[in-house]
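The structure appears right after this line, and notes come after that.
The values are calculated or read from the model by the stated rules, or taken from the named source; none is laboratory data. Everything quoted here is computed from the prediction, not taken from an experiment. Here the Cβ positions follow ideal geometry from the backbone for every residue, glycine too, while neighbour counts run over all protein chains shown. We work out accessible area using only protein heavy atoms, side chains counted, and drop any ligands, DNA or RNA first. Shrake-Rupley method; radii C 1.70, N 1.55, O 1.52, S 1.80 Å.
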Amino acid sequence: MEHPTEKHVASMYEMAKTRYALMGVDTDAALAKLATVPISLHCWQGDDVGGFEGAEGDIGGGLAVTGNYPGKARTAEELRSDLDKAYSLIPGTHRLNLHASYAETGGQAVPRDQLLPEHFDGWIAWAKENNHGLDFNPTLFAHPLADDGFTLSSYNERTRKFWIDHCIACRKIGEAMGKALGTPAVTNIWIPDGFKDLPVDRLQPRIFLRDALDEIFAEEIDPRHNLDAVESKLFGIGSESYVTGSHEFYLGYAASRNKLLCLDAGHFHPTENIYDKISATFMFVDQILLHVSRGVRWDSDHVVILSDNLRRLMQELVRGDFLARTHIGLDYFDASINRIAAWVIGTRNAQRALLLAMLEPIEMMREFDRNGDYTQRLAMLEELKGMPFGAVWDTYCMRKGVPVGIAYMDEIKAYETEVLSKR
Ligand code: RNT
Ligand code: ZN
């Protein structure tokens, strides 16, 4: 298959630019805007949420990665090399979202409540060199003290204490990352806590969780270095009947404590979508973190595709002018396909959805709402789907020096032969 050349892209762009201009949309302005939006790639797509603590098998926490595509990263060097490859195929400059279980401890087992910024020096140096901001997550699963399904909301005080100390350590690591890189790390707390079957007391674990979070956040950290986020969930494998950190719990917590709310696209009922939660949340919460994901029938963490849901999500951010208050991260793990392609396809789709939203004649369309002209509104929304957006996207890739079209697959295939197949 042949890929478009510079000449193809340039002539297509001229036509697209003219077509968009007819509806008052400036394609160059949209591309300039797209370049300002970083996406935080999730390190855990690279190794099936494995981490470097020597864990084998089940990752716990009610999470499940399926597939055994060959060539997954086994060390920090391999993971960084794979990430470098992925970033080289994605237009623009982006961030990396790390989990605490990806600490580099030089072969020594360091308990999670004793992790230090120095255990992330390798990541920080690499991020600095490549201009990536870093985001961070405490890891409250895949650990003996999380085996019974409870961490910060455990009835066991010692268990709670261990995880509180882990989260405190992680905020300090986030702060160190933010300081070193000159951009705040968003440190996101997600806990797996919940019951398989009906609990008697739904309140007590939530009291434990609220108090644990208050303890974790007791120390103020400069928001120029670290921002705290909390992530809700509906259910997990083994926590089908009750999850302590539900949406209502964390919405209330974030609004009352001035924390970021993390909305994961897979953490709601299958017909419920996070795009409708954005404007409501922003009325009471200052900033949000997104875990852009794709659930299929359940929170299955499929690779992000350019779906209507994704498009509506990005439309909310762009139409509402919420981008400056939103941190966009990805969260999925597919081990059944090439893992680098999974990063590249999902990230490029998040960007394509953003670009589509940036190519809307928003002001003109608002008029339809205001005037009650729902017929014109429907006609316009459908018309937009047929606009030559692909030519604008190709131009973006060309200008940013990354492969146009799916030419990125040629590079991924070559990397697979040269690097991945030898692991
Ligand atoms: C789990 C949450 C959480 C994790 C990562 C690995 O359901 O979505 O964000 O996916 O922390
Ligand atoms: Zn998530």
Could you work out the per residue convex hull volume over the alpha carbons of segment 241-314, in cubic angstrom?
90 Å³
Express in whole angstrom the spacing between the alpha-carbon centres of segment 259-286 and segment 318-395.
17 Å
Per the Kirkwood treatment, what hydrodynamic radius in Å, one decimal, follows for segment 178-263 from the mean inverse distance over all distinct Cα pairs?
13.8 Å
When the helix-only estimate is applied to the chain (DSSP H runs of n ≥ 4, each -39,500 (n - 2.57), divided by the residue count), what is the mean residue ellipticity at 222 nm, nearest 500 deg cm²/dmol?
-13000 deg cm²/dmol
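Rounded to two decimals, what is Rg over Rh for segment 283-400 when you use alpha-carbon atoms and the Kirkwood radius?
1.00
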Protection proxy (average C-beta count within 10 Å per residue), highest first, orders 328-341, 239-252 as 328-341, 239-252
Excluding same-chain residues fewer than 8 positions from LYS161, which lysines have a Cα within less than 25 Å of its Cα?
LYS172, LYS196, LYS233, LYS259
Using a probe radius of 1.4 Å on heavy atoms only, what accessible surface per residue do you get for the chain? Whole Å² is fine.
45 Å²
Under a crude label model (7 Å from the Cα following the beta-carbon direction), how far is ASP214 from THR36 in nanometres?
3.9 nm
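I need the trypsin sites (Lys or Arg not before Pro) found in segment 237-307, filtered to DSSP loop residues with at most 16 other beta carbons within 10 Å of theirs.
ARG297
Counting only pairs 8 or more residues apart or on different chains, how many lysine pairs in segment 1-146 have their Cα atoms under 22 Å apart?
Within segment 1-146, the lysine pair count is 4.
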As a test, work out the antiparallel percent of DSSP beta bridges whose residues both lie in segment 232-348, rounded to the nearest 5.
20 percent
I need two numbers for segment 1-93: Rg to one decimal and Dmax as a whole number, Cα atoms only, in Å.
20.2, 58
Once you have all Cα-Cα distances for segment 155-308, histogram them in 10 Å bins from zero and send the whole-percent values.
10, 37, 37, 15, 1
Pairwise label distance in nanometres, ALA414 with ASP201, each label 7 Å out on the Cα-Cβ vector
6.2 nm
Calculate what fraction, in whole %, of the accessible area of the chain sits on carbon and sulfur atoms when a 1.4 Å probe is rolled over the protein chains.
52 percent
For the chain, set up a Gaussian network in which alpha carbons nearer than 10 Å are linked by springs, and say which option among PRO111, PRO205, PRO184 fluctuates the most.
PRO111
More than 27 angstrom separation, counting every C-alpha pair in segment 32-163; what % is that?
26 percent
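What is the diffusion coefficient of the chain in µm²/s, taking the Kirkwood radius over Cα pairs and the Stokes-Einstein relation at 37 °C with a viscosity of 0.692 mPa s? Mind dumping the intermediate values first?
Values: Rh = 22.4 Å.
In µm²/s, the coefficient is 147.
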Stokes-Einstein diffusion coefficient for segment 220-278 at 37 °C in a medium of 0.692 mPa s, Rh from the Kirkwood formula over Cα pairs: what value in µm²/s?
261 µm²/s
What distance in nm lies between label points placed 7 Å from Cα along the C-beta direction at GLU2 and THR18?
2.3 nm
Net charge near ARG224: determine it from the other residues with C-beta under 13 Å of the C-beta of ARG224, scoring Lys and Arg +1 and Asp and Glu -1.
-2
By the scheme Lys and Arg +1, Asp and Glu -1, what is the net charge of all other residues having a beta-carbon under 12 Å from that of GLU104?
-3
Using a Debye calculation, one point per C-alpha and no hydration shell, please list log10 I(q)/I(0) for segment 109-148 at q = 0.16, 0.23 Å⁻¹ in order.
-0.54, -0.85
Zone reached by a paramagnetic label modelled 7 Å from SER11 Cα along Cα→Cβ, restricted to segment 394-423 with backbone N below 15 Å, covers none
